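For reference, the structure I am asking about is given below.
The values are calculated or read from the model by the stated rules, or taken from the named source; none is laboratory data. Only a predicted model underlies this, so the values are computations on that prediction, with no experimental measurement involved. When we count neighbours, we look across all protein chains shown, and the Cβ atoms used for this are built from the backbone with ideal geometry, even at glycine.
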Amino acid sequence: MTSLSVDRIAEIPSGKATPGLSHVNWLVWIDRSGLPAWQIALTSFLILVIVGIITLILNRVPNPNMYSNVIAFVAIICFFLLLYLSLGRGWHADLKELINFDPSLAALLQFLEPSKQIARIEIVLAGICAFINVNFFGPPENNFGSAMFIFVLSYYFLEYLFIIFSMDILARQLGILFKITNSIRIDLLQPDFYSLLGNVMLRFLKLYIFGICVITFSFNIFVDGNLDSGNMLVSLMPFCLPGLIMLGLYMIPYNQFKRRMRITKSIELNHITRAINGDLEHLNSSLISKDASKLTMVDLLYYEDRIKNIKEWPFTDRIRSMIFFGVLPPLTWVIAALIEIFIESVI
């Protein structure tokens, strides 16, 4: 496993790739461009669409649906490219802040970079998935020539490559997040800082919602709009379920952090409550021990209330609003549609 120094993670010099995005050289080159992830994805979309349409024209493909399918398929490819870059760059930015807050977390950086062996395995796996998809699950009416076969295989390869790399990054982020929430120092005097831990899930959540829109749009083109909403929903579940499972997995480290925060708050509140009840010696073991002699009863009551109001989850009000108003409404619609489909099938 490639190890990273604190200096490298703290500041990436101009022209260097983001740590964690070094799977293949040409993706490193793309990352080094310094362009925003959305701009890279949009540029890639335009290039791949143009290349795809020109390839279809040169091979005299008569089916007009193939041209629209290229646009839809490339949209999915570029979404996973956007997911790969956004997750990697965003997580790196969060790690810089976390290490500045607690330098002991630098020891976890060895888990950030994929080894060359793992990267090679992932590339081979993407190639195998693309080959199987083209040969065994492609439309039977598409008897590709050699040029078209290479073209279709290349696009499938890009799709599976970005999917696998994105899954790799998600797995590494989840593993590092679990280690961070288990070892980061708890400072009740700086509780707002811990909202950084919630960024990784919020970032994935926003990309996940956008991805569902892209995949739904693309799949609707693939089926020519012939499926009703219920059948469309069932067909999209293989794309939606992994994201929902990932959101659930994020709650494992967050629960660990919540438990640690609750214990720390309980200890501090115990000291303050005893001091309020007259046993001022307990202030010597609290976080405000240096100013214990200057505190009045009003100060202690205010401090007690402040500690009680510290949020145990590492989520700001913005993240809570995103979850309640951005996720629960569409998730409720999905569940309602599934129930409707189930009832109709039973009746």
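Among (1) without any contact (Cβ under 8 Å) to a residue 60 or more places away in the chain; (2) surrounded by fewer than 17 Cβ atoms within 10 Å (Cβ to Cβ); (3) over 21 Å from PHE217 (Cβ atoms), which single condition is ASN63 missing?
Exception for ASN63: condition (3).
Being surrounded by fewer than 15 Cβ atoms within 10 Å (Cβ to Cβ), farther than 30 Å from LEU58 by Cα and free of Cβ contacts under 8 Å to residues at least 40 places away in the same chain is true for just one of GLN110, GLN117. Which residue is that?
Testing whether each residue is surrounded by fewer than 15 Cβ atoms within 10 Å (Cβ to Cβ), farther than 30 Å from LEU58 by Cα and free of Cβ contacts under 8 Å to residues at least 40 places away in the same chain leaves just GLN117.
For region 286-318, what are the residues that are farther than 30 Å from LEU177 by Cα and of a type in the set (S, T, N, Q)?
SER289, SER293, THR296
Any residue in region 276-291 that is assigned to a helix (DSSP H, G or I) sitting within a Cβ distance under 8 Å of a residue that is loosely packed, with under 14 Cβ neighbours inside 10 Å? List the pairs, counting only those 6 or more apart or interchain.
ILE276/MET297; ILE276/LEU301; HIS282/ASN270; LEU283/SER289
Can I ask one more? Name the residue, out of ASN135, ASN143, that is at pLDDT below 85 and assigned to a helix (DSSP H, G or I).
When all the criteria are applied, what remains is ASN135.
Another question, then. Any residue in region 314-323 that is assigned to a loop (DSSP other than H, G, I, E, B), surrounded by 12 or more Cβ atoms within 10 Å (Cβ to Cβ) and at pLDDT 80 or above?
Yes, region 314-323 contains at least one residue that is assigned to a loop (DSSP other than H, G, I, E, B), surrounded by 12 or more Cβ atoms within 10 Å (Cβ to Cβ) and at pLDDT 80 or above.
Residues of region 289-301 being modelled with pLDDT of 85 or more and surrounded by 12 or more Cβ atoms within 10 Å (Cβ to Cβ), which ones?
Of everything in region 289-301, those that are modelled with pLDDT of 85 or more and surrounded by 12 or more Cβ atoms within 10 Å (Cβ to Cβ) turn out to be ASP299, LEU300, LEU301.
Right, another one. Go through the residues of region 92-110 one by one and say whether even a single one is in a helix (DSSP H, G or I), modelled with pLDDT of 85 or more and more than 29 Å from THR181 (Cα to Cα).
Scanning region 92-110, I find no residue that is in a helix (DSSP H, G or I), modelled with pLDDT of 85 or more and more than 29 Å from THR181 (Cα to Cα), so the answer is no.
Checking the structure you have, find out if any residue of region 251-270 is touching a residue at least 60 places away in the same chain (Cβ under 8 Å) and of a type in the set (Asp, Glu).
Yes, region 251-270 contains a residue that is touching a residue at least 60 places away in the same chain (Cβ under 8 Å) and of a type in the set (Asp, Glu).
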